[in-house]
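Colleague: The structure under discussion is supplied below as structure tokens; questions concerning it will follow.
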Amino acid sequence: MSRYILIIVLTIFLSGSSQAQFRDSAEKVKIIEDTSGFHMKKSPTLALILSGVLPGAGQVYTGGWYKAPFIFAGIAGCLIGAAIQNGRYLVDIDSVNAQLARGDTYHAGLYTNAREFYRDDRDKFYIYAALVYIANLLDAYISAHLFDFDVSDPNSSAYISAPQSSSDPWRIGMRMRF
């Protein structure tokens, strides 16, 4: 039993001392900054702020102007749907109160079910508008990060240096991208 305890203590001691040596050697290494490197053309933070203030503005900033009308229409459509359902909800509140004032509990129950449906539907439209808004923010931020990313086809004529021969008519090629 004492052998096992001795082995465990030595293992812990040796692993701790090797980590300390690694930290000491890592601190001695000088980090040289590369100042001639890459600088982004579009600021992701600015794109995020623009899209936060006016949905679709970040997409226009990053060159995805064609996305802006869809984002604006998505948010506006959800808010208009919420306003319509809210109006129906308020009408059904009055209908429930009127039926209860007359003592008609059967029709009051029917209006209560409709009222709850319109309230739930209104809340769903608010959630959908919030999701489109969040997607707008994410799209603007990611588009600004990927603005300088080269997506050209490496198999285009600009990248092909050697002429390809067509002497083998039975040649089949396959290209996979991940």
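Colleague: So, R0 is 30 Å and r is the distance between the beta-carbons of Ala130 and Met40; what FRET efficiency does that work out to, to 0.05?
Modeller: E(calc), rounded to 0.05, equals 0.55.
Colleague: May I ask you to compute the full-extension gain from Trp65 to Arg102, defined as 0.36 nm times their residue separation minus their alpha-carbon distance, rounded to one decimal in nm?
Modeller: 7.6 nm
Taken together, the values in this text are just the output of simple stated rules run on the coordinates, not laboratory data. Model, not experiment: these values are computed from the prediction. Backbone-built Cβ (ideal geometry, glycine too); neighbour counts: all protein chains shown.
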